[in-house]
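Below you'll find the structure, written out as C-alpha cells, and then a few comments.
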Amino acid sequence: MKTSELKSFKQSKEKIACLTAYDASFAELFEYCGVDVLLVGDSLGNVIKGQENTLSVSMKDICYHTSNVAKGSQQALIIADLPYKSYISKEVTLKNANMLIDSGAHMVKLEGGREHESSFKALQDNGIPVCGHLGLLPQSVEELGGYKVQGKDEHGAKKIIEDAVMLESWGVDAIVLECIPSKLAAIISMALTIPTIGIGAGSDCDGQILVCYDMLGINTKKAPKFVKNFLSAEQDIKSAVKSYVSAVKDKSYPAKEHTY
Ligand code: KIV
C-alpha cells in the first residue's frame, strides 16, 4: 500500500486494520489475512526483549526487525517506530528516519506533539512519510507516572486536540491515538482529514491497532481493558487474524467494554 492510500481509506470510510509485526513469518501471515498496516513498534522492547518498558529499544533493534518484516511483506504499509531518544534534534531525526526507510519502512512514527516541531518539519521537508502518536506515550511512561488513560480532564483533552491539529498542519500522514476517552478520539477523528489509528481510543478512530501478541493472547499478566484475545474463539492463528480484521472493518471491535 502506498502512503497516499491511507487517506483514501478515511475518505471511503473503510476502517484501517493494523497490527504490530516484528518478523517475516508474521508479516506474511498478517498481510495474507487482510491486515492493511504493519507497525514495527518499539513494543518489541516488551514482547520480544522482555523489558518492562520500551526505553531500551535501539535503532539497531528497530532496523533489524523492520528489515525482517519487509522481507515477509509485499503490499502492506510498513510503519517503523523511531525509538526513545532517536529524535532529539532534526539532524538526528533525519539520520535515523532514513535508516528506517533503508531497512524497508514506508513511514516512521514518533511520539509526542509540539515539543518535536523541528523533527516533524524536517521529516516533511525531506519527503519522509510520518505518523504521529498522541495520548499515552509509552516512551514517556516515567514522566506520565505509569500507563494511564490520557486526556480525561479538559486541559489534557485540549492539549491532545491542539497537538493533533498541529501535526496535520505539519504534513503528518496519520496519527496513533493511544488510551484516550473514546469521545475525545471521535472529536479528533472528525476534525482531521488524515486518518487516526486507535489503541484504547474507541471505535470512532479511522483504524485500529493492537500489539499482535495481545491480539493472540500471548501474555500471562492481566491485559489492559482495550485488548481482545481473538484466538480464544478460533481454531488457529490465521482464523484469529481474519476475525480481528473483520471486526475492525465492521466496527464490532472495539466494543463498549474495550473503551474508556
Ligand atoms: O510500539 C507499539 O507497538 C505502538 C503501538 C502500541 C501503537 O506504538
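The values are calculated or read from the model by the stated rules, or taken from the named source; none is laboratory data. This is a predicted model, so every value here is computed, not measured. Virtual Cβ from ideal backbone geometry, glycine too; neighbours counted across all protein chains shown. What goes into the accessible areas is simple: the full protein's heavy atoms, side chains included, and nothing from ligands, DNA or RNA. Shrake-Rupley method; radii C 1.70, N 1.55, O 1.52, S 1.80 Å.
Some points to look at:
- Residue count for region 236-260 satisfying the condition of being open to solvent by 60 Å² or more (accessible area, probe 1.4 Å), closer than 16 Å to Gly217 by Cβ, part of a helix (DSSP H, G or I) and free of Cβ contacts under 8 Å to residues at least 40 places away in the same chain: 0.
- Residues located in region 158-189, provided they are closer than 14 Å to Gly113 by Cβ, within 16 Å of the ligand (Cβ to nearest atom) and assigned to a loop (DSSP other than H, G, I, E, B): Val172, Ile180
- Top-ranked residue in region 170-184 [being more than 17 Å from Tyr147 (Cβ to Cβ) and buried (at least 17 other Cβ atoms within 10 Å of the Cβ); ranked as nearest to the chain's Cα centre (by Cα)]: Ile175
- Within region 4-32, being touching a Phe, Trp or Tyr at 6+ places or on another chain (Cβ under 8 Å) and either hydrophobic (A, V, I, L, M, F, W, C) or open to solvent by 60 Å² or more (accessible area, probe 1.4 Å) (or both) holds for Ile16, Ala17, Leu19, Ala21.
- Ser140 vs. criteria part of a helix (DSSP H, G or I) and open to solvent by 10 Å² or more (accessible area, probe 1.4 Å): yes
- Verdict on Ala233 being among the hydrophobic types (A, V, I, L, M, F, W, C), within 16 Å of the ligand (Cβ to nearest atom) and in a loop (DSSP other than H, G, I, E, B): no
- Residue within region 190-210 that is part of a helix (DSSP H, G or I) and touching a Leu at 6+ places or on another chain (Cβ under 8 Å) present: no
- Any hit, region 122-129, residues being under 13 Å from Met166 (Cβ atoms) and surrounded by fewer than 22 Cβ atoms within 10 Å (Cβ to Cβ): yes
- Residue check for Asn98: within 16 Å of the ligand (Cβ to nearest atom) and polar (S, T, N, Q): no
- Qualifying positions in region 66-97 - under 27 Å from Gly135 (Cβ atoms) and either of a type in the set (Asp, Glu) or in a helix (DSSP H, G or I) (or both): Thr66, Val69, Asp81, Lys90, Val92, Thr93, Leu94, Asn96, Ala97
- Within region 98-131, tally of residues that are assigned to a helix (DSSP H, G or I) and in contact with a strand residue (DSSP E or B) (Cβ under 6 Å, 6 or more places away or on another chain): 2
- Looking only at residues of region 219-230 that are away from the ligand (no atom under 14 Å from the Cβ) and open to solvent by 10 Å² or more (accessible area, probe 1.4 Å), we find that the one that is farthest from Val47 (Cα to Cα) is Lys225.
- Filtered residue count, region 80-95, keeping only those that are charged (D, E, K, R) and within 16 Å of the ligand (Cβ to nearest atom): 2
- Tallying residues that are touching a helix residue (DSSP H, G or I) at 6+ places or on another chain (Cβ under 7 Å) and charged (D, E, K, R) within region 98-149 yields 2.
- Meets criteria (out of contact with any helix residue (DSSP H, G or I) (no Cβ under 8 Å at 6 or more places or on another chain) and either surrounded by fewer than 23 Cβ atoms within 10 Å (Cβ to Cβ) or closer than 23 Å to Asp125 by Cα (or both)) for Lys95: yes
- Selected residue (only one of Lys109, Lys148 is over 19 Å from Lys7 (Cα atoms) and either surrounded by 14 or more Cβ atoms within 10 Å (Cβ to Cβ) or within 15 Å of the ligand (Cβ to nearest atom) (or both)): Lys148
- Some residue of region 190-213 being crowded, with 16+ Cβ neighbours inside 10 Å, closer than 24 Å to Lys7 by Cα and hydroxyl-bearing (Ser, Thr, Tyr): yes
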